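Chemist: Here it is, the structure, as structure tokens.
The values are calculated or read from the model by the stated rules, or taken from the named source; none is laboratory data. Every value quoted in this text rests on a predicted model; they were computed, and no experiment measured them. Positions of Cβ are backbone-derived with ideal geometry, glycine not excepted, and every protein chain shown enters the neighbour counts. We work out accessible area using only protein heavy atoms, side chains counted, and drop any ligands, DNA or RNA first. Shrake-Rupley method; radii C 1.70, N 1.55, O 1.52, S 1.80 Å.
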Amino acid sequence: MVGRPAVPEVIWARPERAGRGPRPAFSRADIAAAAVRIADAEGLDAVSMRKVAAELGCGTMSLYNYVPRKEDLYELMFDAVSGGYEFPEPSGDWRADLVALAHQARAMMHRHTWAPRLMSPVYGFSPNALRYLEYALSCLDGVDARFGEKMELIAMVNGVVTTYVANEIATAERSRSLPWSEEQENAARTGYLISQIATGKYPRMAAGFAEDPGPIDLEGVFDRALNRVLDSFDR
């Protein structure tokens, strides 16, 4: 296949253009933006080299001269959407700074609902991913911990965000696929749950719902999950 390397290669180590010859018709940013548009509109599974080439108005085989593998295309995409983070000067409150960064990550994943599927250490070496990591580490400058421990904390925070958002997205997608409204679905399930608790078979759940009947504060749950991870590191 044209342009496909025979040995492992990091797309960022590959020159975007040769030192000689005509200027490339497209940049990596152009290619990433086209792929992101497709994924945002149709989902990650809709992204293909053929579709991206059509979006750019070039031949599929010529696209491989810019991006040797589909995995490289994913890396370009994730780096592109990771470029939207804002990195204010660390406040000195590392917990608050990491929580604010986590909220930015959550918002980014909701803008690009395919992004949680690409959350992987494999894509952690792109320019914008490295900027993200360097900033997160700068927020932890005053923390007495080894580099590896700090990286573990950042990974755990990202894990909470990714898992939480993936569940939110899955719930929203399921609701859109139903022939009735989300409110009707919730009412039916709540009614069934109440009927089961009323049987007396689940006394702990009955006591729990009597104490806190809801509704669930999803924003509060997100922040509490983050803070429990941070609590484990705060010493």
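Chemist: Treating the beta-carbon of each Lys and Arg as +1 and of each Asp and Glu as -1, no other charges, what is the dipole magnitude of the chain about its Cα centre, to the nearest 20 debye?
Modeler: With Lys and Arg at +1 and Asp and Glu at -1, about 1020 debye.
Chemist: Which of these, ALA96, ALA172, ALA105, has the largest mean-square fluctuation under a Gaussian network model of the chain (Cα springs below 10 Å)?
Modeler: Top of the fluctuation ranking is ALA172.
Chemist: Among the lysines, which fall within straight-line cross-link reach of LYS70, defined as a Cα-Cα distance under 18 Å, with same-chain neighbours fewer than 8 residues apart omitted?
Modeler: Leaving aside lysines fewer than 8 places away in the same chain, those within reach of LYS70 are LYS51.
Chemist: So how much accessible area does LEU130 have, in Å² to the nearest 10, using a 1.4 Å probe?
Modeler: It works out to around 90 Å².
Chemist: What does the net charge come to around TYR132 if you take all other residues with beta carbon closer than 13 Å to its beta carbon, with K and R at +1 and D and E at -1?
Modeler: -3
Chemist: Measuring with a 1.4 Å probe in the full set of protein chains, what accessible area per residue, in whole Å², belongs to the chain?
Modeler: Here the per-residue accessible area is 60 Å².
Chemist: Continuing with this model, one more query. I need the phi-derived Karplus couplings for the range 62-71: 6.51 cos²θ - 1.76 cosθ + 1.60, θ = phi - 60°, integer Hz, Gly and Pro marked x.
Modeler: Each residue of the range 62-71 in turn: 5, 5, 5, 5, 9, 10, x, 9, 5, 4 Hz.
Chemist: Enumerate the calculated ³J(HN,Hα) couplings along the range 172-186 in order (Karplus 6.51 cos²θ - 1.76 cosθ + 1.60, θ = phi - 60°), each rounded to whole Hz, writing x wherever the residue is Gly or Pro.
Modeler: 5, 5, 5, 4, 5, 7, 7, x, 9, 7, 4, 4, 5, 4, 5
Chemist: Okay, moving on. For LYS201, LYS70, what's the largest-to-smallest order of accessible area, 1.4 Å probe?
Modeler: If we order LYS201, LYS70 from most to least accessible, we get LYS201, LYS70.
Chemist: For the chain, set up a GNM with springs between Cα atoms under 10 Å and report which of TRP12, TRP180, TRP114 has the largest fluctuation.
Modeler: Result: TRP180 has the largest fluctuation of those listed.
Chemist: Could you tell me what percent of the accessible area of the range 124-235 is made up of carbon and sulfur, with a 1.4 Å probe and every protein chain present?
Modeler: About 58 percent, which is the carbon plus sulfur part of the accessible surface.
Chemist: Here is a further query. R0 = 25 Å: FRET efficiency of GLN184 with ILE216, Cβ-based, nearest 0.05?
Modeler: Approximately 0.85, to the nearest 0.05.
Chemist: What per residue convex hull volume, in Å³, comes out for the range 114-235 when only alpha-carbon positions are used?
Modeler: 159 Å³
Chemist: For a distance above 26 Å, tell me the whole-number percent of Cα pairs in the chain that qualify.
Modeler: When all Cα pairs of the chain are counted, 53 percent exceed 26 Å.
Chemist: Which ³J(HN,Hα) values in Hz, rounded to whole numbers, follow from the phi angles of the range 30-42 under the Karplus curve 6.51 cos²θ - 1.76 cosθ + 1.60, where θ = phi - 60° and Gly and Pro get x?
Modeler: 3J(HN,Hα) across the range 30-42, in whole Hz: 4, 5, 4, 4, 5, 5, 5, 4, 5, 5, 5, 7, 10.
Chemist: Ok, one more. Using a 1.4 angstrom probe with every protein chain in place, what is the largest-first accessible-area order of ILE38, ILE194?
Modeler: Listed by decreasing accessible area, they come as ILE194, ILE38.
Chemist: Excluding ligands and nucleic acids, what accessible area in Å² is computed for GLU134 using a 1.4 Å probe, to the nearest 10?
Modeler: 120 Å²
Chemist: Could I ask something else about it? How big is the Cα convex hull of the range 99-170 in projection, averaged over all directions, in nm²?
Modeler: 4.8 nm²
Chemist: Which order do you get for ASP212, ASP144 if you rank them by accessible area with a 1.4 Å probe, largest at the top?
Modeler: Result of the area sort, largest leading: ASP144, ASP212.
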